[in-house]
1. Based on the Cβ-Cβ distance of HIS152 and LYS26, what FRET efficiency does E = 1/(1 + (r/R0)^6) give at R0 = 30 Å, to the nearest 0.05?
2. Where Rh is the Kirkwood radius over the Cα pairs of the chain, the temperature 10 °C and the viscosity 1.306 mPa s, what D in µm²/s does Stokes-Einstein return?
3. Could you give the length gained on full extension between LYS379 and LEU466, defined as 0.36 nm per residue of separation minus the Cα-Cα distance, in nm?
4. For the range 232-241, just list the computed ³J(HN,Hα) in residue order, Karplus coefficients 6.51, -1.76 and 1.60, θ = phi - 60°, integers in Hz, with x standing in for Gly and Pro.
5. Would you work out the relative contact order for the range 353-428, in percent, from Cα pairs under 8 angstrom that are 6 or more residues apart?
6. For the chain, which whole percent of the accessible surface, found with a 1.4 angstrom probe, sits on carbon and sulfur atoms?
7. For the range 80-87, in order, what is each residue's ³J(HN,Hα) by Karplus, 6.51 cos²θ - 1.76 cosθ + 1.60 with θ = phi - 60°, in whole Hz (x at glycine and Pro)?
8. Any chance you could run the full-extension gain for ASP399 through GLU427? It's 0.36 nm times the residue separation minus the Cα-Cα distance, nm to one decimal.
Amino acid sequence: MNIQTFDSVKAQVKLVIWDLDETFWKGTLSEEGIEPIQAHIDMVRALVDRGIMCSICSKNDFDQAREALENLGIWDMFVFPHIAWSPKGQAIEKMVRDMGLRDENVLFLDDNHLNLEEAQFFNTQLMAVEAHGDMTGLLALPQLKGKDDTAHSRLAQYRVMEQKQSEQAETGLSNTEFLKQSDIKIKIITDVENHMDRVLEILNRTNQLNFTKVRANTDAERRDLNDLLAVSGMHAGLIEVRDRYGDYGIVGFFCVRTKFSGTTVHHLAFSCRTLNMGVEQWVWNYLGRPEFKHVGPVAGALSEPETVDWITEVTDFDTGENELEERRLCLVGGCDLLQVSFYCGTNRDEFVNKQDDQGMLVRYDDVGFFINPRDPQLKHSKPMQRFAGYTLDEMKDLDRSLTEADLILLSMYFSIPSDNLFTYGGEDWGGKYYATIPPRRMKKLMKDPDHAMRFAKEMYHRRLPLEERLALTRRSFEHADALRQPDAPLFILSAVTQHGQQAERTLAMRQGFNAMCRDFCAGRPNTYFVDIDTLLDADEFADSDHYTRTGYFKIAEFVNQNAKSTS
C-alpha cells in the first residue's frame, strides 16, 4: 500500500507502528549507525497530540534502541514497543491484542515489503505502507485526523495498560487474581447531557465492546439520540473507571428503559481500554442482566461470572465511598419507582410492578399487600395467588424489608382510583382480605371461563367511597411507619394534579390523596411528602403519571438530599 491508495480506506487510524532502521531514522543501528529524521520525531509528537498512539516493531537490541530513542527525546511517546530479533507478524498481532485494538485501525510503516506482507498475513485488515523517505504526508490524510489530545490523556491511559500487563506477567497471577488486587472502582455519571461529546465519541468510535452499535454520527441520528434520552422512564449513564494503576476516564455508556414487562437495551458500549477488566459485565449485572441481541462482532460475551467481586462502585473516587450502597432501600409502588431507584442506590428491595409467569401484571401498590393479616392459611390461598398475583412470602418479605431498611419510598396513588377493589377469604360473608386487581390482569382473567367462574364465587366487589379508600391507603402507610426504624426516613410520592387529561379526569381523587398524604407526613418525624407538582418543571412531565429522565433524577435527588440530612 502506498499513501495514495488510502483513498479507499475508511477505518480511522488509532495506532501507528514504526520500524526503526531506514524507516524512522536513516541507517542501521547495529551497523554503521543512524541519522535522525527530525520530521519523523515531530510526526510522532503530532500523532500523539491527536490521540493516535505510536509503537515500534523493530529487529534490534532493545537496550540499544531505547538508548538511541531516549537521546532523541522521543522514547516516552511510544507505547507497547516490540524491539527484538524475532518475526514481526505475530509480534504485531500480540501488540494489537494487548492494546485492545482491531488490526483495521492500525497502520504499520516498514521499508521491507517482506515484513509488511508477513504482518498482513497475521493481521489481515492491517494498513501497511512501504516506508521510504519522508512519511509526514500521512498527517494530511483524514484517516489520521484523530482529535485534540494535547493533554496526552490517551497516552497516559495506554501507559497504565502497559504497566498493568508488565506487572501481571511478573507476578504470574491469573487474570481474575490480578483484577482482585487491582482495586478497580466505578462511578456512574447520570448527568449525561453535560457530557454529550463523550457520549457521542463512545457511540461512534467504539467497536469491540459496543454491544448495540447504534451510532449517532449524522444530525438525524443525534436528534434520535436526544429524543431517546427524553423518553419517559429512560435511564442512561456514563461509566468512569479508576484502579490503583491509574485513571481510565469515562469509558462506557448505557441507555435502557425498564418497565414492568422488562428492560429494553438501546445502547451499551465501552472503550477497549478496559478490555478484560470485567467493566462491561459489571454494568450488565447492575442493569439487571437484561436479555438483548448483541450486534457483532464483540470481543467478549455477557454471561459469566454473575458476580464481578473485584469491582467496587463509588460516589467519590478520593474517599472510595459509595453513599448510595451503604444504605438499604425499600421501594414499593408503580413503574415510576423503577426509574427513581436507579439514582437512589443498588442495595434495595423493590416491590414494583412486574409481570408474572402467565404474562399478567402484578401490582404491589395494593392496600391488601400491606394491611392483610399475615395469616398462615394465606400460604396456599388460591384467590390471592391466582387473582392478586403476589404471595404470603412476599408480604412477609415486605415486612422484613420495612424493618431493616435505611430508607423507605412509597408510591401508592394507584391504590385509590381503581374500581377493582375486592375482598376474599375468611369465615365471614364478604371476605376478610383485600386485593386490588389491575384492569389489565382482570381482562386476562375474565377471558378464561374457569378463572371467571372461580372469581365470581371467591371475590367480593367492594364499592367504597373515596374517603374509605383513602383510609385503607393510610393504613398501609401506618403499617410501614410501625415497622420502620426510628432513624429510617419515609418518603411518600404525591399524585400529579396537572399535565394531562388523566389528571383532569381524576383530579378530585388526586387532590384527596395528596391531602391525606400531607396530613400523614405532617404528624410524623422523619417523614416526607414528595410534591411532584412543585418539584418538577413543566417540561419534565411526560404525562400525568410519567416523567422525563431528568424528572426522575430530580425526585431521586430530593430523596437523597433529605435522607442525607437525617443521617
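1. 0.60
2. Roughly 58 µm²/s, to the nearest whole number.
3. Gain on extension, LYS379 to LEU466, equals 28.2 nm.
4. 4, x, 6, 10, 9, x, 9, 10, 10, 10
5. Numbers: 44 pairs, mean separation 23.2, N = 76.
Taking the mean separation of contacting Cα pairs over the length of the range 353-428, I get 30 percent.
6. Ligands and nucleic acids excluded, carbon and sulfur reach 47 percent.
7. Ordered by residue, 3J(HN,Hα) equals 6, x, 10, 10, 6, 8, 9, x Hz.
8. Stretched out fully, the ASP399 to GLU427 stretch lengthens by 7.6 nm.
The values are calculated or read from the model by the stated rules, or taken from the named source; none is laboratory data. Remember, it's a predicted structure, so these values are computed and weren't measured experimentally. As a convention, Cβ positions derive from the backbone with ideal geometry for all residues, glycine included, and neighbour counts pool all protein chains shown. Remember, those area values only see protein heavy atoms, side chains included, never the ligands or the DNA or RNA. Shrake-Rupley method; radii C 1.70, N 1.55, O 1.52, S 1.80 Å.
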